[in-house]
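Undergrad: Below is a structure I'd like to ask you about.
A short reminder: the numbers here are calculations on the coordinates, not readings from a lab. Quantities reported herein were computed from a predicted structural model and do not represent experimental measurements. Note that each Cβ is placed from the backbone with ideal geometry, even for glycine, and that neighbours are counted across all protein chains shown.
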Amino acid sequence: MSELRLSQSELARLSHLRQPSIGRIIAGETRETGKLTEIAKALQTTPAYLTGETDNPDANAPALPTPELLAEQLGLALLPELELGYSMGGGSVFTEYEQKGVVPFQRDWLKPKMKGSFAELFVARGEGDSMQPTMMDGDIVVIDTAQKDVRQQDRIWALSYGDLGMIKRVRKLPGDGEGAGGYDILSDNHEAVAPFRAYDGEMHIVGRVIWIGRWM
């Protein structure tokens, strides 16, 4: 406004707003953006500059590509990294899923192992030593939530058991003729953590672990 020598009344007229509305925006009393495009046009700049998304006030400046657009152009999937507190030991309580960031993976590399869409994948970090040597404390895993049916024995799953979240191998037991059987929950480090059994309603499969990675 200073550079263009515009008053609040003049800016309001050019952007088809009332002067008090412009005054509240300038005073920081509101962040109403319903007329942001019109305000940017009147100020000969861009909405992205007014919202702080770019430092370039040039109205003809090209829009910055979003991370999602860049990822798509590079053939990447941006998987959310969730703080779930999954435990590879005795289990740890988790009550909310906090996203810590995103982790890029090659789409073509993930496709052979996934069953649903990329939106059904997420990254988590294991804790504890009960899955050694397959998994170490702090390893990163990719979990496919489209896979919840335990069809093949002894695969590695992210699951909840009561209040506990964990990453374990799961072995489905045969039914007794009157209903479904239970599941054996197994740790690879048998000496550290003994297996235990879960029955109907006690265990919930979050998804299958389809990739494990670690720092060396």
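Undergrad: In the range 104-189, which GluC sites (Glu not before Pro) fall in coil by DSSP and have 12 or fewer other Cβ atoms within 10 Å?
TA: Hits after loop and neighbour filter: Glu178.
Undergrad: Ok, one more. Just Asp149, Asp163, Asp58 to compare: in a GNM of the chain, with alpha carbon springs under 10 Å, which one fluctuates most?
TA: Between Asp149, Asp163, Asp58, it is Asp58 that shows the largest mean-square fluctuation.
Undergrad: With springs only between Cα atoms under 10 Å, which of Lys148, Lys172, Lys41 fluctuates most in a Gaussian network model of the chain?
TA: Ranking Lys148, Lys172, Lys41 by mean-square fluctuation puts Lys41 first.
Undergrad: Using Cβ contacts closer than 10 Å as the measure, can you line up Ile205, Ile167 from fewest to most?
TA: Starting with the residue having the fewest Cβ neighbours, the order is Ile205, Ile167.
Undergrad: Counting other beta carbons within 10 Å of each Cβ, put Met135, Met216 in order, fewest first.
TA: Result, fewest neighbours first: Met216, Met135.
Undergrad: Based on DSSP H runs of at least 4 residues, each adding -39500 (n - 2.57), what is the mean residue ellipticity at 222 nm of the chain after dividing by all its residues, to the nearest 500 deg cm²/dmol?
TA: Result for the chain, helices only: -4000 deg cm²/dmol.
Undergrad: When ranked by the protection proxy of mean other Cβ atoms within 10 Å per residue, highest first, what sequence do the peptides 104-113, 9-18 form? Walk me through the intermediate numbers first.
TA: Numbers: 104-113: 13.0, 9-18: 15.6.
Going by the mean number of other Cβ atoms within 10 Å, highest first, we get 9-18, 104-113.
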